[in-house]
Every structure is written in structure tokens, then in C-alpha cells.
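Heads up: the structure comes next, in C-alpha cells.
The values are calculated or read from the model by the stated rules, or taken from the named source; none is laboratory data. Everything numeric here is computed off the predicted structure, so don't read it as measured data. Neighbour counts run over all protein chains shown; Cβ positions are idealised from the backbone, glycine included. Areas reflect the complete protein model, heavy atoms only, side chains present, ligands, DNA and RNA absent. Shrake-Rupley method; radii C 1.70, N 1.55, O 1.52, S 1.80 Å.
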Amino acid sequence: MLSCAVLVSATACGDSTSNSVATSASSAATPTASAQKQKLAKTRFVANAGLAAGAAYQWIVKPYRAGTFKKGTDGRTFALVKAGLAGGFAYNRLKAAANNAKGDPMLSKAVAPLTAGIESLKELGTKLRKGEAGAGDVGAFESVINGIKDAGKSAGAEVRDKVPSTGQLGGG
């Protein structure tokens, strides 16, 4: 009986200590300085824009240029499904990158003119998946991606293509 009481009180003490440690650790990880928040905004912008660029190039632009989306081509259906997923993924990451840019004044000014272009890509994933996307649609994706890359570079946040895994495309 006594050993159970000691065990319960030790466990209770252990819990309160771990909670206070976790609380102080999480508050220490929160950026407090404006400069640190801006740095995190740029870092997140670069990561999201890089994933969008990588997905668009790998599964939309490259297969389109190779003629994989043309009727009668071997693997067309699979390529279109992947392109549709990549289109939705890239749109989502571009929206996140534009949101991240708001945390840095210079980056925000550079990205602001591109928000309409990003929004115009909203339905492109569906068009790709159905095989209804053409050269203009693929060109629109390239244009927006290049605009985001240029905006990032001008604000000191250079974006490099980072190809996401197929699991990331499907949300997994």
C-alpha cells in the first residue's frame, strides 16, 4: 500500500515537472523578435514555393513537353492523374507561400502582384486530371512559378525546385 502511494505521488510530481518543461520549451521556440519572424516567413516561403515549383515541373511541364498528355500515348491516364494531383498540390503550396510572404515586408511587396495569377490556377488540377489542359494552361503554371521564383529572388529568398514525393501529392 505504501509503495503504491509513493509511486502515485512520484508520478504526479513527474507529470507537473514535464509539463512545466514542455511549456517553457515551447515558449522558447516561439519567435519573438520581428527579424526572427521575418526569417521564418522567408524560410517557409522558400520551402512551399520550392515544392510547388518542383511538382509543377516534374509532373506537369516535363510530361507535357514530352507529349505524354496526348491521346493514344502509353501511360497517358496515369500521367494525367499525377498531373492533376500535382496541380492541386502546387496550387496549395503557392497559396501557402503567398501567405508566408505576408510575414516579410519586402517579400510581401514582391509577391502581392502574383496573387491573382496564383488564384487563376485553382481549377487547373481538375483540368489536367480530365485531360482538358492545353499549352496555355501549362504555360500559365510556368509563368506563375517563374514569377514566384523571381519575386523570392528579388526579396533575398531564392527558390529552388524541390520535387515532392508522390505520397505528398496525394496528401499522405
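Results, tabulated for the structure shown:
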read-out	value
The one condition in (1) open to solvent by less than 70 Å² (accessible area, probe 1.4 Å); (2) closer than 12 Å to residue 45 by Cα; (3) part of a helix (DSSP H, G or I); (4) not aliphatic (A, V, I, L, M) that residue 95 fails to fulfil	(1)
Failed item in (1) open to solvent by 70 Å² or more (accessible area, probe 1.4 Å); (2) over 21 Å from residue 150 (Cβ atoms); (3) of a type outside the set (D, E, K, R), with residue 59 passing the rest	(1)
Selection from the stretch 147-170 of residues that are under 14 Å from the mean Cα position of the chain (by Cα) and open to solvent by less than 70 Å² (accessible area, probe 1.4 Å)	148, 149, 159, 164, 165, 167, 169, 170
Restricting the stretch 98-125 to residues that are of a type in the set (S, T, N, Q) and open to solvent by 50 Å² or more (accessible area, probe 1.4 Å), the residue that is nearest to the chain's Cα centre (by Cα)	99
Selection within the stretch 114-141 - part of a helix (DSSP H, G or I), touching a residue at least 60 places away in the same chain (Cβ under 8 Å) and in contact with a helix residue (DSSP H, G or I) (Cβ under 6 Å, 6 or more places away or on another chain)	128, 138, 141
Members of the stretch 106-123 that are of a type in the set (A, V, I, L, M, F, W, C) and either touching a Gly at 6+ places or on another chain (Cβ under 6 Å) or within 20 Å of residue 43 (Cβ to Cβ) (or both)	106, 107, 110, 111, 112, 114, 118
